[in-house]
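Here the structure is laid out as structure tokens; the discussion comes afterwards.
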Amino acid sequence: MAAPWRDVVRDAAAVREAAAVAVDAALLAGGLMRTGEQPHASDVVNYAPFTLLPSAVPRALFEQAYAVQQDFNLLVDAISQNKEFLEQTLASTIKVDDFTAQLFRIYKQVLEEGLAQTVFLGINRSDYMFDCGLDGTAALRQIEINTIAASFGGLTSRTADVHGLVLKVLGKTEEASRLLPNNPAKGLALGIAKAWELYGSQRAVVMFLVEEIQRNIFDQRCVENELWNRNIRVIRKRFRDVFEQGSLDASRRLYMDGQEVAVVYYREGYVPQNYDQQNWEARLLLERSRAVKCPDIATQLAGTKKVQQELSRPGTLEKLLPGRPEAIARMRATFAGLYSLDEGEEGDRIAATAIADPDRFVLKPQREGGGNNLYGEELRQVLEKIRDSPERTSYILMDKIKPQPALNYLLRAHSPLQVSECVSELGIFGVYVRQGQELVLNQAAGHLLRTKAIEHADGGVAAGVAVLDTPYLV
């Protein structure tokens, strides 16, 4: 892959000047996070970490990722409506993974009671890396689809202008003009607003369900402010508030503090640590309600790693999306090798292969939020420990993707300015709204590029490993 900034990276004086400008520009643009020391305070903030220079991304692969996003939106929506597929696919996982099992219990309970919800909103982000083949050509390979709390659609809209200014400071005015504008927050808000409108009550509010510690509040505020600009009221609540203040009326409309809630937008609830008994009860109350959940629990289950692995089996996509061969071909072209660790001959064989050659694979548990995957020696140790136990079915194996590193500077508050070998991950945001059986909105809503030093195998921006970036198409 082309390395467009080779001359700049080696010029220490120019880099120091550009970095000082970049940090001020990021603060000025509102690319902010609360600090780890004072995570509840918005009067003590710093810039969200980002790259000094935009990273090279092959134009053809960037366009391929955008072109397939509506297909993935359709697929996620189809899975969420297919009870039989979810039951069969997750049968082995829910025996050994308590978190997925608890989500599944709520899913079944809500289905048995009968869904009150009639409008469905999906906000997902499909993440990719660029796999470098032996001949040096790069291929787009999907890492995962995030169907709950897909973040950084707000802050990433701030980075293109910062990188444009950095390039101008470095004398690269023409290159600066080629950076693409990008505002996923606007697209995400469009989906939420459409769901709110179809819910059909002007007085109802949108509820952001948020974590106890909200370091990434400014990212959420970007989406929130887009809704306020449309005169849609937004409230921010935690699971604890739902447990204490939430109620349903006879027609299962959801009320918080006496306010009717049209849409629940989850920025919480994606890892086991988000739940205690009280929070599970709050989740059940939300799922039983008529409010539009983003995501509803079926869509959260559609985003599990086990489902992703099952989608790679021959014939599965054809069953889920009959009569759509072109969409299926586009999606399949992005798949990396995915393997089941279910009990039986196939699982035994793949476990033995991974133990013998762990550097070929990534071991993935059923978790969101980054920082959960296992690599190399750690992968081998865990698999050896669980190879003869049903516990192994709570994981899947995936081929390890090998991107081509490039040099860049990762700007973090209170960290030294030093060059790093880096790799990037491209996420495409997708938004869809369905009313009954009619899909009324389906679109790609913008992109997110995250970059990390190659010594970090796993982890995103919120996990403190990756930083925000801007694609420079080559």
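The values are calculated or read from the model by the stated rules, or taken from the named source; none is laboratory data. The structure displayed is predicted, hence computed values, not measured ones. Using ideal geometry, Cβ is built from the backbone for each residue, glycine included, and neighbour counts are taken over all protein chains shown. For the accessible areas, the whole protein counts, side chains as well, though only heavy atoms, and no ligand, DNA or RNA atoms are used. Shrake-Rupley method; radii C 1.70, N 1.55, O 1.52, S 1.80 Å.
Odds and ends about this structure:
- When the Cα positions of 351, 373, 383 are compared along the charge dipole of the range 337-400, 373 comes out farthest toward the positive end, with charges on each C-beta of Lys, Arg, Asp and Glu.
- Given R0 = 35 Å, the distance between the Cβ atoms of residue 419 and residue 63 translates into a calculated FRET efficiency of 0.75.
- Dipole size of the range 115-171 about its Cα centre, with +1 on Lys/Arg Cβ and -1 on Asp/Glu Cβ: approximately 240 debye, rounded to the nearest 20.
- Calculated from backbone phi, Karplus (6.51, -1.76, 1.60) coupling profile of the range 292-298 in Hz, x at Gly/Pro: 6, 9, 10, x, 6, 5, 5
- Scaled to the globular estimate 2.2 N^0.38 Å, the Cα spread of the range 337-400, given as radius of gyration, is 0.98.
- Carbon plus sulfur fraction of accessible area for the range 184-294, probe 1.4 Å, in percent: 42
- The chain, relative contact order [Cα under 8 Å, separation at least 6], %: 26
- Amide proton proximity set for residue 253, modelled H, under 5 Å, gap of 5+: 290
- The slack in the chain from residue 244 to residue 83, taken as 0.36 nm per residue of separation less the alpha-carbon distance, amounts to 54.8 nm.
- Using the 1.4 Å probe convention, the accessible area of the chain works out to 41 Å² per residue with neighbouring protein chains retained.
- Summing Cβ point charges (Lys, Arg +1; Asp, Glu -1) relative to the Cα centre of the range 362-408 gives a dipole of roughly 100 debye.
- Of the residues 338, 25, 205, the one whose Cα sits farthest towards the positive end of the charge dipole of the chain is 205 (charges of +1 on Lys and Arg Cβ, -1 on Asp and Glu Cβ, taken about the Cα centre).
- Apportionment of accessible area to carbon and sulfur, the range 337-400, percent (1.4 Å): 41
- Comparing 104, 441, 300 along the charge dipole axis of the chain, the residue lying farthest to the positive side is 441, per the Cβ-charge model.
- Annotation: extensible slack from residue 284 through residue 212 equals 24.0 nm (criterion: 0.36 nm per residue apart, minus Cα-Cα distance).
- For mean projected area of the Cα convex hull in nm², the value calculated from this model appears in (1) 22.4; (2) 25.3; (3) 35.7 under label (1).
- The sum of -39500 (n - 2.57) across all DSSP H runs of n ≥ 4, divided by the residue count of the chain, sets its helix-only mean residue ellipticity at 222 nm to -11500 deg cm²/dmol.
- Accessible surface of residue 420 - all protein chains present, 1.4 Å probe, nearest 10 Å²: 20
- Note on residue 177 and residue 319: the extension gain reaches 46.6 nm, defined as 0.36 nm multiplied by sequence separation minus the Cα-Cα distance.
- Sites matching GluC sites (Glu not before Pro) across the range 1-81 that sit in DSSP coil, with at most 14 neighbouring C-beta atoms within 10 Å: 37
- Each of residue 375 and residue 6 was given a label point 7 Å from its Cα along the Cα-to-Cβ line. The distance between the two points is 2.5 nm.
- Here the chain is assigned +1 on the Cβ of each Lys and Arg and -1 on the Cβ of each Asp and Glu. Its dipole about the Cα centre then comes out at about 900 debye.
- The HN-Hα couplings worked out from phi for the range 84-95 by the Karplus form 6.51 cos²θ - 1.76 cosθ + 1.60 (θ = phi - 60°) are 4, 4, 5, 4, 5, 5, 9, 4, 6, 5, 6, 6 Hz, whole numbers, x standing for Gly and Pro.
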